[in-house]
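Engineer: Structure below; questions to follow.
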Amino acid sequence: MAQVRVRFAPSPTGPLHIGGARTALYNFMFARSVGGSFILRIDDTDKARSTEESLANILSGLRWLGIDWDEGPEKGGEFGPYFQSERMSRYQERVDRLLSENKAYRCFCSPERIQEGRERMREECGLAMYDRHCRSLPPEEVEKKLSEGVPYTVRFAIQGEGKVRIQDKIKGLVEVDLRQMDDWVMLRADGSPLYNLCSALDDADMKITHIIRGEEHFMNGVKQMLLLEALGETVPEFAHLPLILGKNGKKLSKRMAQTNLLDYRDQGYPANALVNFFTLLGWGFDAEREIFSVQEAIERFRLEDVGKSGSILDEDKLAWMCGMYIRKQSREEFLANVAPWLVKEGLATEEQITESKDWFANLLACDQERVRKYEEIPPKIAHYFKDSLEYDKKAWKNLNKSEEISALLEAWLESLGRLRLPPSWPNRPREADVQVLLPTDKDKPNTGGGEYATPLELEEAARAVAEAKGVGFGKLVHPIRAALTGTTMGPSLFDIVYLLGKEKVEKRVGAALKALAQKAD
RNA sequence: GUCCCCAUCGUCUAGCCAGGCCCAGGACGUCAGGUUUUCAUCCUGGUAACGGGGGUUCAAAUCCCCCUGGGGACGCCA
């Protein structure tokens, strides 16, 4: 097989859709799997709808996913230009040739006439297409209209009868009756070329060997094949991917799901998780594994193995997969990934994060296994940065459960006085956090070793308090958690105590005591 | 309406091309337990599918036909 060349050819008429992203990904994986080239071409023939903004969105979307193009915008290549709008001059010559060979013809019909014809055709034979009125116009008539300046489009003349066969790498051999094919428009009345013309010609000129795109383009494939054959060009291989469907089983739409790729980035979905997930939509790694890297996928990817049926995007599974990828990150990676959200939510500045990176890293690590996307982090850790707390319903209930709780909290606070708890951020010395690796792992307890009490030591002390007071450990722990965080959920309590630091712990327990006292009045 | 495509647990899929090893495997979800100071993680177990009907065959999820169901296309959009 000659050098494989594939392309992703989005039109910059809107933000990159996740369906488009998956198409790009499959093109990319196929190219890499066979050592071919992946080309990015911008199909901006529709000037009216194309925008710079959409282009920028598409490029950053692809880059975010790690889909790197070998030729295309900002990269160049020997088959440029890679913007269709800059290739306009290349089409006319071939349209003229088709015109002179009667493989194309001028159509002078008004849009209204075409519409009527289409409806009539549909009623008569079910074929909703142009009635080919102008195809048999006598030459004199054509000349006359031309001299009168009647606007016209140029249509491709479907030749012959019977069936055409199109070999699709995914769908297999498909037969289409030529009667089903419309004499499609190649050139608008203003002379500008349309998608099926540009796309097919560009693919030929760019020596594209495989066209991998969504199934909705299947009929365009037939049109393009016929055009290329009429021109004597080589027809590339086709592979039409089944669609991604929404929960309702229909083509994925904005209404049903989040379809804008960059929205996923902006909400903190890890890019590699999304790539893994997209790969699984229509393809299987093997019978057992769900989690794998792009590299691993590329090694065994084969176009022929792509499924034929559409697949529904399961948001629950996506969320699970994101969680898996987040848990795999090192604390340094996780901090780097989450930092922008901390800044965005006003929890800390970049400088503060850099300055106290160990504290932040530990802080985030404690919640790492509790989130599935980065944007879930700020609400969970916001309390560390607050002066006063509000208790949620359950937390207040835990705090207010029995009369003895105040006494318990006081006893615990007193016991803390005998231990060295690190100061609260931002006055926190670096040693407090470089030495202690959080979250505390009971199987691999950290030895601490510094001057501060470790979370494990804090826990032992608390257990002693509970024992001295003759209550179960839970009776002590739940109110403390409520007093310290305002909620009933979260990381290991003594990790929180350690991270929160002396001043904040004392202040919060004091505030809880006060709230309980007021309530009692 | 016409044409094209598709059809395994609720969802993503393995198995189908080269029929028996499949009273159908994995994963998500869900349910029940376990670990745990809560939540989460983690672990164990359960739940749940070859759309229907005909063939072919000693044997069909796998091959053929019909039906049904679903999706896509029918633009001077891409």
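The values are calculated or read from the model by the stated rules, or taken from the named source; none is laboratory data. Quantities reported herein were computed from a predicted structural model and do not represent experimental measurements. For neighbour counting, all protein chains shown are included, and Cβ atoms are generated from backbone atoms with ideal geometry for every residue, glycine included.
Engineer: From the list A:365, A:361, A:382, pick out the single residue that is of a type outside the set (Ser, Thr, Tyr), surrounded by fewer than 18 Cβ atoms within 10 Å (Cβ to Cβ) and within 23 Å of residue A:430 (Cα to Cα).
Structural biologist: One residue alone meets the criteria, A:382.
Engineer: In contact (Cβ under 8 Å) with a residue 24 or more places away in the chain, out of contact with any Cys (no Cβ under 8 Å at 6 or more places or on another chain) and within 27 Å of residue A:379 (Cα to Cα): does that describe residue A:512?
Structural biologist: yes
Engineer: Can you go through A:126, A:149, A:162 and tell me which one is within 10 Å of RNA strand B (Cβ to nearest atom), loosely packed, with under 14 Cβ neighbours inside 10 Å and not acidic (Asp, Glu)?
Structural biologist: Values: A:149 fails: within 10 Å of RNA strand B (Cβ to nearest atom); A:162 fails: within 10 Å of RNA strand B (Cβ to nearest atom).
Just one listed residue meets the conditions, A:126.
Engineer: Something else: Somewhere in the stretch A:321-331, is a residue modelled with pLDDT of 95 or more, out of contact with any Pro (no Cβ under 8 Å at 6 or more places or on another chain) and within 25 Å of residue A:58 (Cβ to Cβ)?
Structural biologist: Among the residues of the stretch A:321-331, at least one is modelled with pLDDT of 95 or more, out of contact with any Pro (no Cβ under 8 Å at 6 or more places or on another chain) and within 25 Å of residue A:58 (Cβ to Cβ), which makes the answer yes.
Engineer: If you go through the stretch A:177-222, how many residues are in a loop (DSSP other than H, G, I, E, B), among the polar types (S, T, N, Q) and near RNA strand B (Cβ under 10 Å from one of its atoms)?
Structural biologist: Going through the stretch A:177-222 one residue at a time, the tally reaches 1.
Engineer: Residue under question is residue A:476, and the condition is that it be farther than 20 Å from residue A:369 by Cβ and either aromatic (Phe, Trp, Tyr) or more than 39 Å from the chain's Cα centre (by Cα) (or both); does it hold?
Structural biologist: Yes: the conditions hold for residue A:476.
Engineer: Out of all the residues in the stretch A:60-74, which are part of a helix (DSSP H, G or I) and crowded, with 19+ Cβ neighbours inside 10 Å? Reasoning before the result, please.
Structural biologist: First, pick out the residues of the stretch A:60-74 that are part of a helix (DSSP H, G or I): A:60-65.
Hits for the stretch A:60-74 are A:61, A:62, A:65.
Engineer: Tell me yes or no: at least one residue of the stretch A:414-421 is surrounded by fewer than 18 Cβ atoms within 10 Å (Cβ to Cβ) and within 37 Å of the chain's Cα centre (by Cα).
Structural biologist: The answer is no; no qualifying residue exists.
Engineer: If you check A:61, A:66, which single one turns out to be at positive phi, in contact (Cβ under 8 Å) with a residue 40 or more places away in the chain and assigned by TED's automatic domain parsing to the domain that holds residue A:24?
Structural biologist: Just a single option satisfies the conditions, and that option is A:66.
Engineer: Only one of these conditions is not met by residue A:287: (1) in contact with a helix residue (DSSP H, G or I) (Cβ under 9 Å, 6 or more places away or on another chain); (2) in the same structural domain as residue A:35 (by TED's automatic domain parsing); (3) loosely packed, with under 13 Cβ neighbours inside 10 Å; (4) not charged (D, E, K, R). Which number is it?
Structural biologist: Unmet condition: (1).
Engineer: List every residue pair whose Cβ atoms sit under 8 Å apart, with the two residues 6 or more apart in sequence or on different chains, where the first one lies in the stretch A:203-226 and is at positive phi and the second, anywhere, is of a type outside the set (S, T, N, Q).
Structural biologist: A:207/A:5; A:207/A:79
Engineer: Pick out the one residue from A:419, A:413, A:456 that is modelled with pLDDT of 90 or more and closer than 24 Å to residue A:363 by Cα.
Structural biologist: A:413 is the lone residue from the list that is modelled with pLDDT of 90 or more and closer than 24 Å to residue A:363 by Cα.
Engineer: Being free of Cβ contacts under 8 Å to residues at least 60 places away in the same chain and either assigned to a helix (DSSP H, G or I) or buried (at least 18 other Cβ atoms within 10 Å of the Cβ) (or both) is the filter; apply it to the stretch A:385-396 and report the residue that is nearest to the chain's Cα centre (by Cα).
Structural biologist: Per the stated criteria, the residue is A:385.
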